[in-house]
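To start, the structure under review is shown below, and the notes come after it.
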Amino acid sequence: MAVDVWKRIPVREQDPKVRATNFEEVCLGYNKEEAEDEATRCLNCPNPQCVKGCPVSINIPKFIMELKEGNVEKAYQTISESSALPAVCGRVCPQESQCEGKCVRGIKGEAVSIGKLERYVADTAREMGIKPQGATEKKNKKVAVIGSGPAGLTCAGDLARIGYDVTIFEALHEAGGVLVYGIPEFRLPKEAVVKKEIENVKSLGVKIEKDVVIGKSVTIDSLMKDEGFEAVFIGSGAGLPRFMNIPGEQALGVFSANEFLTRSNLMKAFSSDSTTPIMHPKKCVVVGGGNVAMDAARTALRLGSEVHIVYRRGEEELPARKEEVEHAKQEGIIFDLLCNPVEILEDENGWVKGCKCIRMELGEPDESGRRSPVEVAGSEFEIECDAVIMSLGTSPNPLISSTTDGLEINRRKCIVADENNGQTSKDGVFAGGDAVTGAATVILAMGAGKAAAKGIDEYLSSK
Ligand SMILES: Cc1cc2nc3c(=O)[nH]c(=O)nc-3n(C[C@H](O)[C@H](O)[C@H](O)COP(=O)(O)OP(=O)(O)OC[C@H]3O[C@@H](n4cnc5c(N)ncnc54)[C@H](O)[C@@H]3O)c2cc1C
């Protein structure tokens with residue numbers, strides 16, 4: 001079939017009515033023919049802007065050309081030189097504002113579907129049993145990585161590739177960070193995708209020790225003094241949820257999005273034989289407008305709830321990816337925009353019975369350039385509900401900074417680190433990802449893990 005070069009090949013998805021009732025993946029991805037057709041739309045630009053838009057600088061035109069020639073193995077090795085998690089990134093990266101946002105095809109038509117091609121290559125390589133290439137020589141130096149999220153996995157993978165002896169210490173009983181406990185199964189399958197990409201990182205020689213809470217089981221100082229680690233990378237994320245501090249927030253049936261999603265994803269609370277069940281709300285309010293709010297809302301919907309997203313700005317300002325907002329709407333999530341909760345109402349037993357909100361309008365732009373929401377006096381109204389999920393952002397847990405001598409943090413409790421090499425205020429200790437930036441994205445965390453791996457190599461080589 002002739003390819004219309006101005007339009008991307010559409011990707012198949014589960015029907016919205018069907019998927020609203022299951023936890024299977026929404027996007028079905030390209031098949032071989034679709035992927036190869038989409039690859040023909042790449043102009044193979046001599047000065048590729050897409051690469052500049054990618055925080056880990058994947059050689060995008062090269063892998064697409066290799067795919068076009070039918071060589072999935074070469075395409076996969078090209079991607080994995082820069083990325084340890086291509087099947088993850090192909091699914092969750094905000095490509096529209098990164099590689100695809102810079103694609104020259106996008107000036108007159110639709111950008112090449114780079115993310116879906118990356119996903120196709122990674123999935124096909126996995127099915128073919130292709131692994132990333134490891135180190136040829138070993139260096140006799142031990143590096144500790146704290147946290148097994150995208151920042152830690154990337155830093156560990158890059159260091160192992162150049163021969164370091166790397167151990168990841170992870171607090172939870174599963175590796176993957178937000179990829180396993182935050183982002184739901186219907187966007188990012190755990191067994192088929194996340195676990196397999198973690199296996200690939202392990203195949204480079206990386207060891208993962210789970211159930212080790214750094215700052216409690218052992219400290220960074222003792223890892224370096226007593227256990228022979230010559231450098232440490234902190235990729236401990238930003239897992240501490242924020243609340244609104246409004247009346248009624250302590251009521252039964254109020255959750256942080258983190259708790260709600262962790263119970264559902266990591267502890268499989270949606271399954272009837274789960275030992276750590278979660279409430280299945282009849283009607284719930286999700287407060288916030290980011291990716292996390294969309295995930296919590298769509299999870300609650302799949303548990304059988306009517307779901308209202310309450311967000312204090314308008315549709316244009318929603319911070320979530322457009323694709324996620326679109327998917328949420330198709331599935332039947334109700335958006336109550338330009339309104340904000342002022343009180344959570346409780347019944348006589350202390351359970352949530354409603355959420356009192358006030359309407360907002362947009363005033364002057366604030367320092368971030370976004371117009372500030374202002375309350376409309378006398379416009380209070382109630383949404384009847386039996387659960388409220390707060391999705392207002394997260395900040396880093398202070399456990400590591402409070403148990404490590406000489407580690408500087410800023411007023412947002414984030415670790416201070418050089419963005420070019422991850423160096424912190426403490427000799428031999430590097431950091432990156434959400435622990436440094438506050439809640440951001442998978443690919444930015446990976447970019448920081450990469451920069452720190454380079455910084456650690458330079459530090460240890462010069463020692
Ligand atoms: C629900 C949700 C949906 C999201 N959706 C998207 C999306 O679609 N696209 C996107 O790009 N980004 C998304 N993000 C953001 C993205 O997942 C994060 O920015 C990214 O995971 C940060 O990576 P990280 O490695 O810095 O931290 P994390 O992924 O948080 O990993 C940190 C790890 O460190 C461990 N840890 C913490 N403290 C300790 C300790 N003391 N000792 C040992 N281990 C410790 C944690 O258990 C965790 O496993 C989403 C986030 C959430 C919560």
* To do: Could you please find all residues in the stretch 115-130 being under 10 Å from Gly90 (Cα atoms) and not charged (D, E, K, R)?
  => Gly115, Leu117, Tyr120, Val121, Ala122
* Asked: Looking only at residues in the stretch 146-162 that are of a type in the set (A, V, I, L, M) and surrounded by 24 or more Cβ atoms within 10 Å (Cβ to Cβ), which one is farthest from the ligand (Cβ to nearest atom)?
  -> Ala160
* Look through Ala417, Ala448, Ala453 and report the one residue that is touching a Ser or Thr at 6+ places or on another chain (Cβ under 9 Å), on the phi < 0 side of the Ramachandran plot, surrounded by 24 or more Cβ atoms within 10 Å (Cβ to Cβ) and in a loop (DSSP other than H, G, I, E, B). => Ala417
* Residues in the stretch 248-290 that are among the polar types (S, T, N, Q) and touching a Gly at 6+ places or on another chain (Cβ under 9 Å): how many? -> 4
* Before we move on, is Pro86 within 30 Å of Arg8 (Cα to Cα), assigned by TED's automatic domain parsing to the domain that holds Glu197 and modelled with pLDDT of 95 or more? -> no
* Name the residues in the stretch 261-296 that are on the phi > 0 side of the Ramachandran plot and either among the acidic types (Asp, Glu) or in contact with a Leu (Cβ under 6 Å, 6 or more places away or on another chain) (or both), would you? -> Gly288
* Structure fact -> The condition from (1) surrounded by fewer than 19 Cβ atoms within 10 Å (Cβ to Cβ); (2) touching a helix residue (DSSP H, G or I) at 6+ places or on another chain (Cβ under 7 Å); (3) modelled with pLDDT of 95 or more that Met65 misses is numbered (2)
* To do: Could you please find all residues in the stretch 399-415 being in contact with a Leu (Cβ under 9 Å, 6 or more places away or on another chain) and either polar (S, T, N, Q) or more than 10 Å from the ligand (Cβ to nearest atom) (or both)?
  => Ser401, Lys413, Ile415
* To do: Considering every residue within the stretch 33-43, establish whether at least one is without any contact (Cβ under 8 Å) to a residue 40 or more places away in the chain and part of a loop (DSSP other than H, G, I, E, B).
  => yes
* Structure fact -> Counted residues in the stretch 253-273 being in contact with a helix residue (DSSP H, G or I) (Cβ under 7 Å, 6 or more places away or on another chain) and part of a loop (DSSP other than H, G, I, E, B) come to 3
* Is at least one residue of the stretch 127-143 surrounded by fewer than 24 Cβ atoms within 10 Å (Cβ to Cβ) and assigned to a helix (DSSP H, G or I)? -> yes
* To do: Determine which member of the set Val72, Val3, Val11 is more than 18 Å from Thr154 (Cα to Cα) and either touching a Phe, Trp or Tyr at 6+ places or on another chain (Cβ under 8 Å) or polar (S, T, N, Q) (or both).
  => Val11
* Of the residues that make up the stretch 295-317, is at least one within 11 Å of the ligand (Cβ to nearest atom) and not in a helix (DSSP H, G or I)? -> no
* Asked: Yes or no: Val18 of a type outside the set (Asp, Glu), within 29 Å of His327 (Cβ to Cβ) and assigned to a helix (DSSP H, G or I)?
  -> yes
* To do: Find the helices (runs of 4 or more DSSP H) located wholly in the stretch 163-238 whose residues include 3 or more that are surrounded by fewer than 17 Cβ atoms within 10 Å (Cβ to Cβ), and list them.
  => 195-203, 220-226
* To do: State yes or no: is Gly455 within 13 Å of the ligand (Cβ to nearest atom), assigned by TED's automatic domain parsing to the domain that holds Ser148 and not aliphatic (A, V, I, L, M)?
  => no
* Restricting the search to the stretch 225-284, which residues are more than 16 Å from the ligand (Cβ to nearest atom) and hydroxyl-bearing (Ser, Thr, Tyr)? -> Ser271, Ser272, Ser274, Thr275, Thr276
* Quick check: anything in the stretch 88-108 touching a strand residue (DSSP E or B) at 6+ places or on another chain (Cβ under 6 Å), farther than 18 Å from Leu43 by Cβ and touching a residue at least 60 places away in the same chain (Cβ under 8 Å)? -> no
* To do: For the stretch 371-406, name all the residues that are part of a loop (DSSP other than H, G, I, E, B) and either without any contact (Cβ under 8 Å) to a residue 60 or more places away in the chain or under 21 Å from the mean Cα position of the chain (by Cα) (or both).
  => Val376, Ala377, Gly378, Ser379, Glu380, Ser391, Leu392, Gly393, Pro396, Asn397, Pro398, Gly406
* Asked: Just wondering, is there one or more residues in the stretch 369-389 that are within 16 Å of the ligand (Cβ to nearest atom) and under 30 Å from Gly90 (Cα atoms)?
  -> yes
* Might you let me know whether the stretch 106-113 holds any residue that is at pLDDT 95 or above, of a type in the set (Lys, Arg), part of a helix (DSSP H, G or I) and in the same structural domain as Glu34 (by TED's automatic domain parsing)? => no
* Name every residue in the stretch 249-266 that is without any contact (Cβ under 8 Å) to a residue 40 or more places away in the chain and buried (at least 19 other Cβ atoms within 10 Å of the Cβ), in order of residue number. => Arg263
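The values are calculated or read from the model by the stated rules, or taken from the named source; none is laboratory data. In this text the structure is predicted, and so the values were computed from the model without any measurement. For neighbour counting, all protein chains shown are included, and Cβ atoms are generated from backbone atoms with ideal geometry for every residue, glycine included.
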